[in-house]
Amino acid sequence: MNHSNNKVALVTGAGAGIGRAAAKALLHGGYQVVLTGRNLEKLQKAISDIGGNGNNCLAVTCDVGNPEQVKKLFAATKAKFGRIDVLFNNAGMGAPAVPMEDLTYEQWMSVVNTNLCGAFLCSQEAIRMMKAQSPQGGRIINNGSISAHAPRPMSAPYTSTKHAISGLTKTIALDGRPFNIACGQIDIGNAATEMTERMAAGIIQADQSIKVEPRMDVDHVGQAVLHMAQLPLESNILNMTIMATKMPFVGRG
C-alpha cells in the first residue's frame, strides 16, 4: 500500500460502479475517503466491500444538486478529517434514450442538476476548504465521459452536461492556480458497471444499427483516478481518456 500521509479524498456517486472503484483505489493508495451518494445503505456496503472502516472512511448521504446538502457534506468531511486533498466529481445520471423533442423539462433538469450543478456545487465547497486549509491547495478531478467529446444517439441531456464539464474543468484549473488548486478531467469509455450492462447486450450506434460493445474492468478506472490524484500539485493531468480498447470511438466507429 502506498501511503499518502493521511490525505483526504471525497468521491461523489460512490455507492457503486466507477465511484466505488475510485474510492477503493484511493483508500488502498493511502487516502482517507469520504463516500457520498443518495443511499446510505449502499455507501456503507461499499465501505465494507473496499476494506474500509470507521477510522479511514466516512459515508454521507447527499443529493449533489442540492446546495444545502452539499454544504453539510463538506462540513461533515471537515469535522471528521479536518481537510480535503482530492475531490472526484463522479456522480452522474442519464435520461431515457428517446428523441430530444420527447424529453420532459423535468427529465432534462434532473440530469443538469446532478451532472453539472452537482459538480459545480461540490467544486465550490472544495475550493473554499482548499483555499483556507494549511497546507493550502488540493486537486479536483471531474468525470467527463467519452460523451464530453462525442454523443451517442438520443443523449442530449447527458452529452450537453458532459461537454459543459470540460468548460468547468478548464475554468477551475485556471482560477485555482493562485491557490495551488489543480483540476483535471477523466473521460471514461465503457467501464463494466451496472450502468453499461446494456452495452453487453447491444446498444444503438450512430448508423442506427445495434451492436455489442466491449467493456473494460472498472478497477482500471479506479487506478487511473488514483494516478491523477497522487501527482504532486505542481503537475496536472488536464485531460485523460481511459476506454475499452476496442470500443467504437476512435476513427469512424
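The residues S160, S147, S48, when put in order of fewest to most other Cβ atoms within 10 Å, stand as S48, S160, S147.
Take every Cα pair under 8 Å whose residues are at least 6 apart in sequence, average their separation, divide by the length of the range 8-243, and the relative contact order is 20 percent. Neighbours of A192 by Cβ distance under 10 Å: Lys/Arg scored +1, Asp/Glu scored -1, total -3. Amide H to amide H distances under 5 Å link A191 with M216, where only residues 5 or more positions off or on other chains count and H is placed in the peptide plane. What net charge is computed for the residues neighbouring I47, neighbours being all others with C-beta under 14 Å from the C-beta of I47, Lys and Arg scored +1, Asp and Glu -1? Taking every Cβ under 14 Å from that of I47, the sum is +3. Spatially close Lys pairs in the chain, defined by Cα atoms under 15 Å apart and a spacing of eight or more places or different chains, total 10. Between Q32, Q133, Q208, the residue with the greatest mean-square fluctuation in the GNM of the chain (Cα pairs under 10 Å linked by springs) is Q208.
As a proxy for reagent exposure, C183, C57 were ordered by neighbouring Cβ count within 10 angstrom, fewest first; the result is C57, C183. By other beta-carbon atoms within 10 Å, ranking D187, D219, D207 with the fewest at the front produces D207, D219, D187.
If you place +1 on the Cβ of every Lys and Arg and -1 on the Cβ of every Asp and Glu, how big does the dipole about the Cα centre of the chain come out, in debye to the nearest 20?
Numbers: 23 positive and 18 negative charges, 122 e Å.
Charge dipole of the chain: 580 debye, to the nearest 20.
Could you point to the residue in V86, V111, P214 farthest towards the positive end of the range 8-243's charge dipole, with +1 and -1 charges on the Cβ of Lys/Arg and Asp/Glu respectively? Highest projection toward the positive end goes to V86.
Rounded, prolate or oblate: which one fits the range 175-253, using the alpha carbon gyration tensor with axes a ≥ b ≥ c (rounded when a/c is under 1.5, else prolate when a/b beats b/c, else oblate)?
Verdict is prolate for the range 175-253.
Assigning unit charges at the beta carbon (Lys, Arg +1; Asp, Glu -1) and nothing else, what dipole magnitude in debye, to the nearest 20, does the range 43-109 show about its Cα centre? Provide the component values of the computation, followed by the final result.
On the way: 6 positive and 7 negative charges, 124 e Å.
For this selection, approximately 600 debye.
Here, each number is a calculation from the coordinates, and none is a lab measurement. Everything numeric here is computed off the predicted structure, so don't read it as measured data. Glycine gets a Cβ as well: all are built from the backbone with ideal geometry, and neighbour counts include every protein chain shown.
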